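**Q** Please read through the structure below; I'll follow up with questions.
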Amino acid sequence: MTLQVLYFAWVRERIGLPRDQVETGAATVADLVEELRALAPRYDAAFADTSALRVALDQQLADFDAPLAGVREVAFFPPMTGG
Amino acid sequence: MTLQVLYFAWVRERIGLPRDQVETGAATVADLVEELRALAPRYDAAFADTSALRVALDQQLADFDAPLAGVREVAFFPPMTGG
Amino acid sequence: MAVRVQAKPFDTGAELAGFASGHKDVGAEVSFTGIVRDDTGGLRFMQIEHYPGMTEKAIAAIEAEAVTRWGLKDSLVIHRHGQLGPGEKIMMVATAAAHRAEAFAAAEFLMDYLKSRAPFWKKEVTADGEGWVAAKDEDEDALTRW
Amino acid sequence: MAVRVQAKPFDTGAELAGFASGHKDVGAEVSFTGIVRDDTGGLRFMQIEHYPGMTEKAIAAIEAEAVTRWGLKDSLVIHRHGQLGPGEKIMMVATAAAHRAEAFAAAEFLMDYLKSRAPFWKKEVTADGEGWVAAKDEDEDALTRW
């Protein structure tokens, strides 16, 4: 499947890109993270500690063990600091 | 001593006056209330149930057993409904 | 810190425009506005009586305690008296603090104390007659949380 | 109910002037305004990033829950993104309800959820450099009260 993968805040800065288009067979978010870490050291650094990250699937907050079936957009970002 | 006695809301309406000037030797608020009740039936009616009343001495909330020594202004009114 | 007890209307928006300006350490402002409701459609107006002299002192004391307890940078209380029609603004409070928790707590504290400890009394005048609004047990109970 | 996510400034007072008008059953309006603080005097500006699309959906969902839980008659959320200098207003919420308890609770609920569940991220740019604002444990903990 083809996924739009978005990065925000320091995740975006560390990776150096706001988004990637990824061709993947990853079953879960965690599987996708493993694939992304293998792309380049800057990805590896950004995803080194997923406890410091949040993920949204099709613009809904989700967990890292969530399945990717049917998902089109995945976003990674640090804990939110609105308000 | 001479006391300015003020009435508000339904206490004022029941007594029919917004204020009295009272010459009294009452030691406490409760003593003053007894004197006022003897003035006329409308006073008696207004003070029939002091649990439904509040009292302020010189513009500070007080209790019915508070002493009147040094006080110049006494106000009687129902529980407040501001806001 | 300001307290105003007045018969004339006020505008919450205009009051907030100038509120707490010039404070670099204000991160949170909360306002509350109380409005005359007309649930039944029968209210002609609300008549608000107060105790001139004591009213201002009582509100200033409540406000001073809020400023101390929550480290407010600024605060404002406006309360009207006299005749107010449905939809008219009765009163407002505003609080300014560094953080939201303090601004919210102080505004709620001010409201709870204004309800039960500032000398105002409301009478409702309807098509069917008039009656003094009774104090609610829940308003008195609300004070225990502070 | 309204949600606005925008780069341009807003005026809390002007927003409140038209808020919840025409509701005869509104007795209480609460507003919260968040402002860029400059505690140290060294802040040049705050840069606020967000996730277009998700932001609006997340706020609308939070707002819908507040409306249902507290029976709000009206609500408003405005949140800015982009570059904001010290003293500038970042965001505001407003709630309108029959009674004060509901209006206050709903406004605090909206703020707590906007802090930790709406996809905004703040970066502080000072004379000494820049850094992303870290989420606070107390903000996450605040959600447990709802």
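**Q** Within segment C:27-50, which residues are of a type in the set (D, E, K, R) and at the interface with another protein chain (Cβ under 10 Å from one of its Cβ atoms)? Spell out the reasoning first.
**A** Just the residues of segment C:27-50 that are of a type in the set (D, E, K, R), to begin with: C:29, C:37-39, C:44, C:49.
Scanning segment C:27-50 gives C:29, C:37, C:38, C:39, C:49.
**Q** Has segment C:51-62 got at least one residue that is at the interface with chain D (Cβ under 9 Å from one of its Cβ atoms) and closer than 17 Å to residue C:108 by Cβ?
**A** The first filter runs over segment C:51-62 and keeps only residues at the interface with chain D (Cβ under 9 Å from one of its Cβ atoms), leaving none.
No: segment C:51-62 contains no residue that is at the interface with chain D (Cβ under 9 Å from one of its Cβ atoms) and closer than 17 Å to residue C:108 by Cβ.
**Q** Evaluate segment A:49-65: report whether one residue or more is away from chain D (no Cβ under 14 Å) and within 21 Å of residue D:133 (Cβ to Cβ).
**A** yes
**Q** Residue D:77 fails exactly one of the following numbered conditions: (1) surrounded by 22 or more Cβ atoms within 10 Å (Cβ to Cβ); (2) under 16 Å from residue D:123 (Cα atoms). What is the number of that condition?
**A** (2)
**Q** Okay, next question. Pick from segment B:67-83 the residues that are out of contact with any Phe, Trp or Tyr (no Cβ under 8 Å at 6 or more places or on another chain), over 12 Å from residue C:117 (Cβ atoms) and within 14 Å of chain C (Cβ to nearest Cβ): which of them is surrounded by the most Cβ atoms within 10 Å (Cβ to Cβ)?
**A** Per the stated criteria, the residue is B:74.
**Q** Follow-up. Considering only segment A:6-60, how many residues are polar (S, T, N, Q) and in contact with a strand residue (DSSP E or B) (Cβ under 7 Å, 6 or more places away or on another chain)?
**A** Result for segment A:6-60: 4.
**Q** If only one of B:28, B:2 is touching a Pro at 6+ places or on another chain (Cβ under 8 Å) and more than 18 Å from residue C:135 (Cβ to Cβ), which one is it?
**A** Step by step, each of B:28, B:2 is checked, and only B:28 is touching a Pro at 6+ places or on another chain (Cβ under 8 Å) and more than 18 Å from residue C:135 (Cβ to Cβ).
Each row is one residue, and each column tells you yes or no for (1) among the hydrophobic types (A, V, I, L, M, F, W, C); (2) in contact with a Lys or Arg (Cβ under 7 Å, 6 or more places away or on another chain).
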{"position": "B:6", "(1), (2)": "yes, yes"}
{"position": "B:40", "(1), (2)": "yes, no"}
{"position": "B:70", "(1), (2)": "no, no"}
{"position": "B:75", "(1), (2)": "yes, no"}
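**Q** Going through segment C:112-146 one residue at a time, which ones are over 21 Å from residue D:102 (Cα atoms), modelled with pLDDT of 95 or more and of a type in the set (A, V, I, L, M)?
**A** Hits for segment C:112-146 are C:118, C:125.
**Q** Continuing with the same structure: Here are the criteria: (1) away from chain A (no Cβ under 12 Å); (2) within 17 Å of the chain's Cα centre (by Cα). Tell me which single one residue D:136 does not satisfy.
**A** Just one mismatch for residue D:136, condition (1).
**Q** Just checking, how many residues over segment C:1-57 are crowded, with 16+ Cβ neighbours inside 10 Å, polar (S, T, N, Q) and closer than 17 Å to residue C:93 by Cα?
**A** 4
**Q** A follow-up question, please. Against the condition touching a helix residue (DSSP H, G or I) at 6+ places or on another chain (Cβ under 6 Å) and on the phi < 0 side of the Ramachandran plot, how does residue D:12 come out, does it pass?
**A** yes
**Q** Go through segment D:109-133 and count every residue that is closer than 15 Å to residue D:45 by Cβ and either aromatic (Phe, Trp, Tyr) or more than 16 Å from the chain's Cα centre (by Cα) (or both).
**A** 12
The values are calculated or read from the model by the stated rules, or taken from the named source; none is laboratory data. Computed from a predicted model, the values in this text were never measured in an experiment. No Cβ is skipped: glycine too gets one built from the backbone with ideal geometry, and neighbour counts run over all protein chains shown.
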